[in-house]
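Below is one structure, written out as structure tokens; comments come after it.
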Amino acid sequence: MLLALLKRFCGLIAALFAVAVVAFLLIDFLPGDPALNMLGTQAQEDTLAAARTALGLDKSPLERFFIWIAGIPSGDFGISYRYRIPVSGMLLEAAAVTVPLGLLAILMTTLIALPMGVYAAANQGKAGDSAVMAFSQIGLAVPNFWFAVLLILLFAVTLGWFDAGGFPGWSAGFFPAIKSLLLPAFALALPQAAIIARVTRSAVLDVMGADFIRTARAKGLSRRAALWRHGLRNALIPVVTVMGLQFAVLLAGSVIIENVFYLPGLGRLMFLAISQNDAVVVRNMVLLFAGMIMIVNFLVDLTYVLINPRLRAK
């Protein structure tokens, strides 16, 4: 099993390098002159030439690519074309918002979806099962940005319990910062919870029909006891797989949600970098998003081992 995980980790590094190559080729060769975008059309040619030299645009594409790749291990992601500051600082500042937001969304998804899915499976064909399926249909049908607007109207405008948007910063205190992330996290969590609840229900029902569950029932265990003692751990494997895959959807949703709530996170930074044609920031964020998704899927593989001890011997 350790050898398989090591191979998977090496594959992760190779995949990240491939993403870096594609991101550089697609973004670096887009039409437009970064120096001209930065200085404006009234800039003199000698000023533009000096700006291109300062930005490293006078070097060949191959040189620029390897300079970028060589700096990544040390945290040097280059200089923003737009703001003329290190990209690493911009990413760290934005990640301080997006990472807690993502963790909150995942926590909410888990707390909502798993109990609902297990409850629906335990009450198959009953009113509770129908209610959970109706919730999942609504969650899948409602776009997260529209649900975010409804949350703002209800909890911020009508009730006044939360601010309509913005982030006070961690310097304002832990609880004020977390409070500002609750509504956007819930807006991200609802569609994910709807999917995970359906997957959990199906996985639990499949496991409850397995031979080892019938054997446990034959030995005198009730359906509920057999579910909690033997069924749930085995049912979690497909659930964890889907949760890992849904992490990419969550990152994509954060681009919209962070703009709706005006959060200075990675999603909003990506949106601004694209609109401002800041190629250095965009390619680093493409690599960062791809790396986060790959790392989450690698952690999913490790979770399999914790859930199913039989995999440790393989």
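Quick grid of which residues meet (1) surrounded by fewer than 17 Cβ atoms within 10 Å (Cβ to Cβ); (2) of a type outside the set (Gly, Ala, Ser):
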| position | (1), (2) |
| --- | --- |
| LEU159 | yes, yes |
| PHE162 | no, yes |
| ILE196 | no, yes |
| PHE212 | yes, yes |
| ARG217 | yes, yes |
| SER222 | yes, no |
Condition first: of a type in the set (D, E, K, R) and in contact (Cβ under 8 Å) with a residue 60 or more places away in the chain. Now tell me which residues in the range 77-128 satisfy that. ARG82, GLU93
Might you check whether a residue that is under 23 Å from ARG268 (Cα atoms) and not in a helix (DSSP H, G or I) occurs anywhere in the range 132-142? yes
When you go through (1) over 30 Å from THR241 (Cβ atoms); (2) open to solvent by less than 50 Å² (accessible area, probe 1.4 Å) one by one for LYS179, which number turns out not to apply? (2)
Out of curiosity, is LEU205 open to solvent by less than 70 Å² (accessible area, probe 1.4 Å) and within 17 Å of VAL97 (Cβ to Cβ)? no
Given (1) in a helix (DSSP H, G or I); (2) loosely packed, with under 14 Cβ neighbours inside 10 Å, number of the condition ALA94 does not satisfy: (2)
Being in a helix (DSSP H, G or I) and of a type in the set (Gly, Ala, Ser) is the filter here, so list the residues in the range 143-174 that pass it. ALA148, ALA156, SER171, ALA172
Out of everything in the range 16-46 that is of a type in the set (Val, Ile, Thr) and at pLDDT 70 or above, what residue ends up being nearest to the chain's Cα centre (by Cα)? VAL19
Please verify whether ILE106 is under 26 Å from ILE256 (Cα atoms) and over 18 Å from the mean Cα position of the chain (by Cα), treating the condition exactly as stated. no
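The values are calculated or read from the model by the stated rules, or taken from the named source; none is laboratory data. Small disclaimer: the values here were computed from a predicted structure and weren't measured. Don't worry about glycine lacking a Cβ; one is built from the backbone with ideal geometry, like all the others, and counts go over all protein chains shown. Calculation scope for accessible area: heavy atoms of the full protein, side chains included, ligands and nucleic acids excluded. Shrake-Rupley method; radii C 1.70, N 1.55, O 1.52, S 1.80 Å.
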